[in-house]
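Peer 1: Encoded as structure tokens, here's the structure I'll be asking about.
Just so you know, all these numbers are worked out from the coordinates, no wet-lab data involved. Please read all numbers here as calculations on a predicted model, not as lab measurements. Here the Cβ is made from the backbone with ideal geometry for all residues, glycine too, and neighbour counts use every protein chain on show.
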Amino acid sequence: MRKVILGIACVAWSVSLAVYGDYAQPPDANAWVVGPVNSLFMAGGPVPADDWLASQSGPVTNVTVWYSFAMNISEPITSVTLEMWDGLAAAESPTGYAMPDQLVWSQSFLPGEFSTSWAGLGGGWHDPYMPYTDSSDLTYRRMDIPIDPGAEFVATAGETYWFRALMYQPAMGGGPLGWKGSVGSPNAAAVWDANGGIGVPDWQELLDPYTSAPMSLAFELSVVPEPSSVLLVIAGAAGIALFRRRLLKL
């Protein structure tokens, strides 16, 4: 009996972490790449942000972002800064659409603290700040960033946050960096900063340059549920095991 309960408890723990603890907006191969995302050699850029709904309370322990280089000319990434903002719903916002409000967390990472890998091909470049659009297919890559214990952003279940990834490059060299678009989101449209990341942001809705449809960005967040949430799942699994055991005795 103890083995049964332990087995179900382990399964419950795994399911809680792997399914209920993550937020994902996977990349769409045909979606635009939106940039630059704060490349040092560019004077301004749209530096976009996208919203996500926390399904559970707990720390964000790992972040994945999909990105591309303009013209497929790559070069080293010198640092990455991740940001979390609280937000204003459309009904509260002076713009009439949902947008970030106040910066609530920021963490920077140097080479060796993140890893990158090839992910796919497709989608052109879109810079709403200039504006400029190039439909040529771009190679896109994924960046995985683990966050050290104690330095994580701690989410609260039911809250909507805005996430922004700023990726920096050397002052001269290859093409600027952009953030890959996603297959879609049930939340609000992503936004971009008409002030180019300088001073107080002037958030604008991120819309497709041809169709004006709302756009979303590709990222994934791993949220480890609070211990109380996991214990509740385990307790429920153990209760089911006991109930089934008693039924078998009847």
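Peer 1: 7 Å from Cα along Cα→Cβ at both Thr133 and Leu53: what's the point-to-point distance in nm?
Peer 2: 3.0 nm
Peer 1: As a footprinting exposure proxy, order Tyr140, Tyr23, Tyr129, Tyr168 by other Cβ within 10 Å, with the fewest listed first.
Peer 2: In order of increasing Cβ crowding within 10 Å: Tyr168, Tyr23, Tyr129, Tyr140.
Peer 1: Sort Arg164, Arg141 by Cβ crowding within 10 Å, fewest neighbours at the top. Don't skip to the end; give the middle numbers.
Peer 2: On the way: Arg164 26, Arg141 19.
Arranged by neighbour count, lowest to highest, Arg164, Arg141 become Arg141, Arg164.
Peer 1: If each residue's Cβ is checked for other Cβ atoms within 10 Å, how do Leu121, Leu166 rank with the fewest at the top?
Peer 2: Leu121, Leu166
Peer 1: Moving to a separate point now. Between beta-carbons, use under 12 Å as the cut-off and find the net charge around Pro201, counting Lys and Arg +1, Asp and Glu -1.
Peer 2: -3
Peer 1: Right, here's the next one. Where nothing but the Cβ of Lys and Arg (+1) and of Asp and Glu (-1) is charged, how large is the charge dipole of segment 22-224 around its Cα centre, in debye to the nearest 20?
Peer 2: 380 debye
Peer 1: If you don't mind, there's one more thing I want to ask. Starting with the highest mean, order 27-34, 175-182 by the number of other Cβ atoms within 10 Å, averaged over the residues of each peptide.
Peer 2: 175-182, 27-34
Peer 1: Report, to two decimal places, the Cα Rg of segment 22-224 normalised by 2.2 N^0.38 Å (N = number of residues).
Peer 2: 0.94
Peer 1: Using only Cα atoms, locate the centre of segment 102-164 and the centre of segment 168-214, then give the distance between them in Å, rounded to an integer.
Peer 2: 11 Å
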